[in-house]
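Visitor: Supplied in structure tokens, the structure appears directly below.
The values are calculated or read from the model by the stated rules, or taken from the named source; none is laboratory data. In this text the structure is predicted, and so the values were computed from the model without any measurement. A quick note on method: Cβ atoms are made from the backbone with ideal geometry, for glycine too, and the neighbour counts reach across all protein chains shown.
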Amino acid sequence: MRMTKSTDKISFSVVGAGNRADIYLSELQKVYPDKFIVNGVFDPSEQRRKYFQEKYNVADENLYSNGIDDFIKLKRISDVVIIATLDDKHFVPTIHALDNGYDVILEKPISMTIEETVAIGEHAKKYPNQLVAVCHVLRHAPFFSEIKKIIDSNILGKPVVIQHNENVGYYHFAHSYVRGSWRNTDIAAPFIVAKSCHDLDILLYLIGKSSVRLSSMGALNFFKKENKHYENLKDFPYDANKIYSGDLIKSVVFNKTTADTLKADLKNSIYGRSVFECDNNVPDHQVTIIEFEGLVHASFTLSAFTNGNYRSIKIMCELGEIRASQDINEIEIAPFGKEKTIINPKKYDSGHGGGDRGFMINFMESYLYNVPFDSNIEKSIESHVMAFAAEESRINLGKVENIKDYYQKIVNKAKEEGLIK
């Protein structure tokens, strides 16, 4: 990794000028406004290029209309590159960035396929002095870092069993995984990879031990054509007009001036489709059981059928338990036979419960002052391997997958395909 003096400005390029790249740069503007510049925006959308140009003061000659194709033609033009394209476009620019000396901020999932994911991890080993920061921002959220402090303090003994839930939210699932960009594994990573490599990473982070084996089950139960009769219900919750007329979904902009203008916009959008007539194939629920080193066990439940979009967790330790919910920003510590304690972690005006800002702070402190970085690619590969193994287990009716064996199988396959050289 290139160590920059604290008086220098770190130069950033962006490959994929979408919402996530904008979020990371926006956090830099808030926390390190005098420490960075943007000198490359690679995106085929003129609207996005101009937005980034105006917001981050990018010169005309540093806007590239051919996106990845332009990026891979050039040698290194900045200290850091943010790769935030869609899932299936991560592999080529990341390999190019590593070979040309960039430090990398890589949006998760690392790649859309397990073979490319493992190949990127193996390729990164060739460049130990370059930082590949995978955007597992939940590690950097006060909610989870506070739970980690409690576990590491050993006041409740060691964790034995964990129940972790990702409550996706009915409206969010319909938006992203039925109507939207992550609805089908032909165009996006599997549901548990795209949505929940975060959560498997959190389990690794909290437990502090590697996974040994897992089994996973789940299915697409509800969002299918045979359930179209549900649309006859009064106040059907998945109706597109109902979901997009309010503030439930903020990532898609429609003309909400009147009900008619919204309806007209939705008519020409993928987001206006019936949830029972889309080309979605990802499961709407999935349950995974995981064994970690030291005989620690965890269950992880991923479900579309929740009212809110938040995470909740229960950690059962030798001498007490921890219950926590992001929904109410509360952590309950319950030592056996003693009074409970309630903690309300600090909150930032930042996405993922403050994780987006915490991630960028950790990145900059690491880059500028050699502070250890907490979600580098070496740590992130395992959670992705777990997620892909869980999907393979689900497809094979809950078959138990040994993580080390599964990883080695993928390495061999990636070598055969020429992805690892």
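Visitor: Taking residue 350 as the residue in question, decide whether it is under 16 Å from residue 113 (Cβ atoms) and either part of a loop (DSSP other than H, G, I, E, B) or modelled with pLDDT under 95 (or both).
Guide: no
Visitor: Now for a different question. Given the residues 86, 106, which is the only one that is surrounded by fewer than 22 Cβ atoms within 10 Å (Cβ to Cβ), in contact with a Ser or Thr (Cβ under 8 Å, 6 or more places away or on another chain) and closer than 27 Å to residue 350 by Cα?
Guide: On the way: 106 fails: surrounded by fewer than 22 Cβ atoms within 10 Å (Cβ to Cβ).
Of the residues listed, the single one that is surrounded by fewer than 22 Cβ atoms within 10 Å (Cβ to Cβ), in contact with a Ser or Thr (Cβ under 8 Å, 6 or more places away or on another chain) and closer than 27 Å to residue 350 by Cα is 86.
Visitor: Something else about it: Among the residues of segment 151-173, count how many are part of a helix (DSSP H, G or I) and surrounded by fewer than 14 Cβ atoms within 10 Å (Cβ to Cβ). Please lay out each step first, then the result.
Guide: Taking segment 151-173 and keeping what is part of a helix (DSSP H, G or I), we get 151-153, 170-173.
Still in the list and also surrounded by fewer than 14 Cβ atoms within 10 Å (Cβ to Cβ): 152-153.
Of the residues in that region, 2 qualify.
Visitor: Looking at (1) in contact with a helix residue (DSSP H, G or I) (Cβ under 9 Å, 6 or more places away or on another chain); (2) of a type outside the set (Lys, Arg); (3) outside any loop (DSSP other than H, G, I, E, B), which one does residue 255 not meet, given that it meets all the others?
Guide: (3)
Visitor: Return only the number of the condition from (1) modelled with pLDDT under 95; (2) more than 30 Å from residue 20 (Cα to Cα) that residue 320 does not satisfy.
Guide: (1)
Residue-by-condition table, conditions (1) among the hydrophobic types (A, V, I, L, M, F, W, C); (2) buried (at least 22 other Cβ atoms within 10 Å of the Cβ); (3) touching a strand residue (DSSP E or B) at 6+ places or on another chain (Cβ under 6 Å); (4) part of a loop (DSSP other than H, G, I, E, B):
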site: 358; (1), (2), (3), (4): no, yes, no, no
site: 362; (1), (2), (3), (4): no, no, no, no
site: 366; (1), (2), (3), (4): no, no, no, no
site: 384; (1), (2), (3), (4): no, yes, no, no
site: 397; (1), (2), (3), (4): yes, no, no, yes
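Visitor: Any residue at all in segment 108-127 that is of a type in the set (Lys, Arg), assigned to a loop (DSSP other than H, G, I, E, B) and closer than 23 Å to residue 18 by Cα?
Guide: Initial filter on segment 108-127 (of a type in the set (Lys, Arg)): 108, 125-126.
Narrowing further to those that are assigned to a loop (DSSP other than H, G, I, E, B): 108, 125-126.
With closer than 23 Å to residue 18 by Cα added as a condition, the list becomes 108.
There is at least one residue in segment 108-127 that is of a type in the set (Lys, Arg), assigned to a loop (DSSP other than H, G, I, E, B) and closer than 23 Å to residue 18 by Cα.
Visitor: So is residue 48 of a type in the set (Lys, Arg), more than 17 Å from residue 10 (Cα to Cα) and outside any strand (DSSP E or B) or not?
Guide: yes
Visitor: Could you give every pair whose Cβ atoms fall below 7 Å, whose first residue belongs to segment 12-31 and is over 15 Å from residue 78 (Cβ atoms), and whose second residue is among the hydrophobic types (A, V, I, L, M, F, W, C), counting only separations of at least 6 or pairs across chains?
Guide: 18/84; 20/84; 27/360; 31/360; 31/361
Visitor: Identify, by number, the condition in (1) buried (at least 16 other Cβ atoms within 10 Å of the Cβ); (2) in contact with a strand residue (DSSP E or B) (Cβ under 8 Å, 6 or more places away or on another chain); (3) within 23 Å of residue 302 (Cα to Cα) that residue 183 doesn't meet.
Guide: (2)
Visitor: Now for a separate question. Please find, within segment 236-293, the residue that is farthest from the chain's Cα centre (by Cα) out of those that are surrounded by 15 or more Cβ atoms within 10 Å (Cβ to Cβ) and charged (D, E, K, R).
Guide: 263
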